[in-house]
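To keep things clear, I will list the structure first and then write my remarks on it.
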Amino acid sequence: MKKPRIRGALLAAAHDPDEFPEIQSPVVALVGRSNVGKSSLLNRLLKTTAARVGRTPGKTRGIYFYEAEDGHLFADLPGAGYARVSRAEREDWARLARALFGSGRVTLALRLVDARVPEAGVDREMRDYLDGLAVPVLAVATKWDRVSASERSRARRRLEAVHGPVVAVSARTGEGIDQLRREILRRIQPKKDDAHA
Ligand SMILES: Nc1nc2c(ncn2[C@@H]2O[C@H](COP(=O)(O)OP(=O)(O)OP(=O)(O)O)[C@@H](O)[C@H]2O)c(=O)[nH]1
Ligand SMILES: [Mg+2]
């Protein structure tokens with residue numbers, strides 16, 4: 001009998017590529033430096049509290065795969081490049097990321113940046129990393145609630161000068177989440193014409 005699946009459920013926690021689940025659906029990967037808000041955003045997108053959120057950077061260790069209600073998967077990656085992580089942990093990140101993107105199943109990468117920090121060094125590393133892959137990328141500015149109303153247009157201009165169009169979201173208030181969900185679906189769903197080809 002087929003195992004009943006709970007929406008937004010954790011499918012696998014992989015600390016090694018050997019532990020990846022069998023991937024048959026498109027994968028949306030969340031990439032960004034430690035503490036940028038990947039897991040918090042994921043909880044909002046999934047309407048769960050399944051993903052572990054932390055005050056201490058480096059909360060997410062392996063790649064966590066979740067099943068979204070729209071049929072695709074989300075992959076929550078560990079935070080990249082946090083200064084205190086060891087060389088071994090950096091190598092782990094690279095190995096996991098290489099295996100994930102090498103699977104050919106990642107149809108979209110959400111590249112998260114902090115709305116108040118146009119581009120930290122690690123963000124640039126992530127941008128270069130993703131630019132080297134043939135994966136579509138959507139830039140997402142997190143913690144938008146921390147940008148005051150009077151600062152918002154200036155903050156957006158600064159972000160977009162570096163990243164191009166960004167979707168600004170707050171996992172705290174839920175602002176921008178519906179828009180992000182729509183953008184994700186628009187990018188991962190096959191176009192109507194292709195479906196009949
Ligand atoms: N104000 C505000 N705080 C947020 C938001 N999203 C996340 N945070 C806070 O930022 C911290 C880090 O959030 P996480 O979701 O664990 O970040 P992460 O990118 O998954 O971190 P790692 O797993 O360590 O890579 C936590 O203290 C969150 O409560 C947001 O939209 N607004
Ligand atoms: Mg996390």
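Each reported figure results from applying straightforward, stated rules to the coordinates on display, with no laboratory input. Given the structure is predicted, the values throughout are model-derived calculations rather than measurements. Reconstructed Cβ throughout: ideal geometry from the backbone, glycine too, with neighbour counts over all protein chains shown.
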Under the rule rounded for a/c under 1.5, else prolate if a/b exceeds b/c, else oblate, using alpha carbon gyration tensor axes a ≥ b ≥ c, the range 110-197 is classed as oblate
Under a Gaussian network model of the chain whose springs join Cα atoms within less than 10 Å, the largest fluctuation of 88, 168, 13 belongs to 88
Computed over the range 10-190, the relative contact order (Cα-Cα under 8 Å, seq sep at least six) in percent reads 23
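When a footprinting reagent is the concern and you count Cβ atoms within 10 Å, what order do 103, 148, 39 take, fewest first?
Sorted ascending by nearby Cβ count, the order is 148, 103, 39.
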Per the rule of 0.36 nm per residue minus the C-alpha distance, extending residue 146 to residue 61 adds in nm 28.0 nm
Given unit charges at Cβ for Lys, Arg (+) and Asp, Glu (-), the dipole magnitude of the chain about its Cα centre in debye, nearest 20, is 620
With +1 on the Cβ of every Lys and Arg and -1 on the Cβ of every Asp and Glu, the dipole magnitude of the range 100-155 about its Cα centre, in debye rounded to the nearest 20, is 180
The residues 30, 133, sorted from fewest to most surrounding Cβ atoms within 10 Å, come out as 133, 30
Candidates 90, 52, 182; GNM for the chain (alpha-carbon contacts under 10 Å) flags as most fluctuating 182
